[in-house]
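The values are calculated or read from the model by the stated rules, or taken from the named source; none is laboratory data. Worth saying up front: this structure is predicted, and the values here are computed from it rather than measured. Note that we place each Cβ from the backbone using ideal geometry, even for glycine, and neighbour counts take in every protein chain shown. Quick note on the areas: whole protein, heavy atoms, side chains included, nothing else; ligands and nucleic acids left out. Shrake-Rupley method; radii C 1.70, N 1.55, O 1.52, S 1.80 Å.
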Amino acid sequence: MRPRRRTNLLPIIAIVALMLPATPAQAATPPWCGDPIPDGTAALPDGSNPGDPVGSFPHIPWYAFACTLDDIQARSNGRMEVEVLGQSALGRDLYLVTVNALDTPQQRKDFQTWQNIRKIALTEPERAQDMLDRAGAAVKVPIFIQSAIHGNESEGVDAMFDLVERLATTPYGTDPEVDAILDHVVLLWNVDQNPDGRIANTRTNGNNFDLNRDYLTQSQSETKASISVIQEWLPPDMLDQHGYVTPTLIESTTKPHNPSIDYDLWLKWNATRIDANEAAMNAVGLGVTRPILDWCANGNPPPASGLCANGLPPGPSQAEGWDDWGPFYTPMYSQLIGLNGSTVEMCNQANNTNCGIPGGTAHQRGRLGAKLAQYTIAWSTLLFDLEHRKDLLWDELETYRRGVTNAPRPACCDAPYTTDGFWMREYPKAYVIPLGAGQRSDPEANRLVDWLLTNGIQVDEMKQATTYGVTTFEKGSYVVWMTQAHRGLADTALSIGTNISGLIGQLYAPPGAWSHGYLWGADTLVIPRDADFAPITNRVTKASHLLGGVEPGVADAYVLAIDSPTAVRTLNALLAGGTPAQLAMTSFTNPTGETLPAGSAIFAADPATKVALASAGRANDVWFMRADTDGLPAMEPIDRVPRIAVLTGSVNQDVWSMRDLGFAADPIATNNSSQLNDPAAADPLEDYDVVFNTAGWPAAATARTRLQAFFAGGGGYIGALANGANFLNSAGLVSGLTAASRTGSGRSGIVSWNNEGGLNSPIVGAFPAQDTAIMDPPTWFTSTPATMTVDGRLPLAGYFLAGLWQPDAQSASAPGSAVIAHGVSIAGSARLTVFAMNPLYRADPEREWTMLGSAAYWADK
């Protein structure tokens, strides 16, 4: 039978909070304050015209945020603070509102209690639990609400302006619910996580990133700002306001569940809080979607029969399609730092009553209905969390206690939420991030450590060299012990992940695997839980200072191996500063007998160049190695930073990542209305050396002609994914390059690939014999032309390491197939490199950025 919802187990205080305040909010209504600028969200229908959709209302424009918040703060009697949290991709301010009433002695005492608990929560959680037990309910609880991470899902912002004004300006003693929240809650409101998207009325930010896929990579300024709030306050519950699902979806996630979440504690609070949310929504006539209870394995409710395709009712054992597998969503990241969290996907239906409870017709519709849904869920969440604040905080501390004490994973869970035990696996003992021997890049090791520390993860360093098995780690190597409060986040960030193929049919969204330990630029090693491994270590608060510069001794030339994103940035900075280099076309041996790979950058040894190299080495923690003239390989000049035309209509993850590496990269559109296709306009490709592309061959005639001329004139090409390869065939640049991919259902993950090119490959010469990469979707080359050389190839077996990609007939040609290749066009005029994966995917697989940089230097002849 279908699991029964528990909507009658709530304290009366959570049932009372069902409607908007009787007195309308005053601040967030027109006429707007501030200096007007064009605003796509504010330009939506506002209800002033007879033809406007039902439920239209005036949305507050971004330019009015600051002055409106100032007005509310001025009337708040000190309850509310506003700060600029950071800036968006395009430089617009991000605002954090904190409502924390400290008017009464008890309010001040309760907040001080929380502050005392916070000070020791991550290091002495058991003592913090004792402190909380003594305080009982005399404590405040921080709750985080974030609005509009997707710019065209905007009603949460308007709802929260009304809610915050109610909390900030209602006289104490006149509204029991307001009083209760002020007494017991610290409300943290990220006013608009994506102002660029709000102004453009688009999903993405100003760099065209989906910010709700960036919470593990943390590439964007908006993400970093949001994470700073979560890290500072450790909120045990959070809401991330989205749209649109019919009826409103309150995130109660389906399998697969991230193995690093303490699912028993998360479920305890997620299910009961959503009971409160659902009761409140029903009371205002609005319905709710709860995926874990309502859906089948196909990610949809059952048909009229009430049974899923397998004859079973929907529920936790069946439901898929709205999972908490990936830690790159806001609530999932928050779960790993705090305890609970939900995306709220509001319903917006103007022309029907599908947002309402079954049979209901009197509820708000359209955008006003969406606004009401966000207000109601936010308000009922505050009331539920304050009612249970002591136990909520205690269980958050329990997750920290389990980590600090190295507790085994608990059994989970009570019916109907029983699981097969797969999701909560045991943690290892530690992860080691070597320095020196066994590390491909010390600067990238420090980059990883910096990320860990920023995210509240404890890192130690070895005080002496330590041997584990056949591996000796040098003194100073980093150790991330799993005996710490945030062991879940550390594990999900550093582990390679889990292969869930065959266990799950679909994911809400890719990727099915992620790993800073296996996709970023540093090598890491897992130490099993039962290993004999006990080095002497000390805690670090920042990454070690590394040395860099030019190798001492007499030299005819200096060499920089392009083995990391840091090396790419260093080379580009030198080129941009006027220091030329040569590209090694084959491997060669230096005076100490070390073999250096093809693709290395070789510099002159004159005094001025040596000074420039020494400065760059110290600044970037890299070494320029000595070389003798007699040992130098065939070389080609690198006289400037390659200029890369990215075939896309606007800045995106590819453009952003290349710019982050120091390349001159710009979007070049190829559609019918583009400059590239306008024969009367200047050819934009004249200013570039290399094309990067993930799309097909354009249909526009002039764009095709100009691209053909670009390649005939010696322009280089870097293509990614199946489209990037098919482009070459369609352009007539190669013959016999074919690609296959396995798409759909979120198929994606981490693969291993064999370095077939070896040290003599100008593309992957600096890579080890076998390495890892991310694929979304899984893609491979089924044939390569005679004019190209294979650099990387999938192994014949065991190549899929983590994620979702079940072997099937459509994947039969994948084993042993090429995934990286380089060569020349049929005419011999253009140098071409193709990747089956996208090395710039979501600005995350930094390990792969190195091969893209090498491809750019090689292609720019």
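Details
- Using a Förster distance of 30 Å, the FRET efficiency for Glu594-Thr782 (Cβ separation, nearest 0.05): 0.20
- When peptides 469-478, 146-155 are ranked by their average number of other Cβ atoms within 10 Å per residue, the highest-first order is 146-155, 469-478.
- Pairwise centroid distance, computed over Cα atoms, of the range 720-754 with the range 478-541, Å: 29
- Selection from Gly736, Gln146, Ala561, by position along the positive dipole direction of the chain (Cβ): Gly736
- Rounded accessible area per residue of the range 428-506, 1.4 Å, Å²: 31
- Residues listed by number, the range 32-61, amide nitrogen under 12 Å from Asn351 label point at 7 Å toward C-beta: 53-54
- Label-point separation in nm, Ala619 to Ser228, each point 7 Å along Cα→Cβ: 2.5
- Where both bridge residues fall in the chain, DSSP classifies roughly 65% of the beta bridges as antiparallel.
- R0 of 60 Å, Cβ-Cβ distance Leu102-Met585: FRET efficiency to nearest 0.05: 0.30
- Positive-end residue, the chain charge dipole about Cα centroid, Cβ charges, pick of Met131, Gly714, Ser317: Ser317
- Residues of the range 41-156: accessible area per residue with a 1.4 Å probe, Å²: 41
- Per-residue ellipticity at 222 nm computed for the chain from its helices equals -9000 deg cm²/dmol, with DSSP H segments shorter than 4 residues left out and the rest contributing -39,500 (n - 2.57).
- Apolar share of the accessible surface for the chain: 52 percent from carbon plus sulfur atoms, 1.4 Å probe.
- Spatial separation of Cα centroids for the range 42-71 and the range 115-160, in angstrom: 31
- The protection proxy used here, the mean number of other Cβ atoms lying within 10 Å of each residue, ranks peptides 669-678, 806-815 as follows, highest first: 669-678, 806-815.
- The separation of the range 203-230 from the range 767-839, counted between C-alpha centres, amounts to 30 Å.
- Projected label distance in nm at Lys475 and Leu312, using a 7 Å step from Cα toward the beta-carbon: 5.8
- Accessible area (Å², per residue) of the range 519-644, counting only protein heavy atoms and a probe of 1.4 Å: 44
- Highest to lowest packing among 510-522, 554-566, 717-729, scored as the average C-beta count within 10 Å: 510-522, 717-729, 554-566
- Dipole of the range 646-718, positive direction: furthest Cα of Val655, Leu685, Thr702, with charges on the beta-carbon: Thr702
- With the simple model of a label 7 Å out from the Cα in the direction of the Cβ, Phe533 to Ala573 spans 3.3 nm.
- Extension gain from Arg659 to Val554, taking 0.36 nm per residue of separation minus the Cα-Cα distance: 34.3 nm
- With K and R counted +1 and D and E -1, the other residues having a Cβ less than 13 Å from that of Arg659 yield a net charge of -1.
- Computing FRET efficiency as 1/(1 + (r/R0)^6) for Asn406 and Glu83, where r is the C-beta to C-beta distance and R0 is 45 Å, gives about 0.75.
- Pairs from the list Lys109/Lys140; Lys429/Lys463; Lys268/Lys390; Lys268/Lys429; Lys109/Lys390; Lys475/Lys542 with a Cα-Cα gap above 20 Å: Lys268/Lys429.
- Taking the convex hull of Cα positions in the chain, its mean projected area over all directions (nm²): 38.1
- Potential lengthening of the chain between Ala415 and Thr454 amounts to 10.2 nm, from the contour at 0.36 nm per residue minus the alpha-carbon distance.
- When both bridge partners sit in the range 560-687, DSSP labels roughly 70% of those beta bridges antiparallel.
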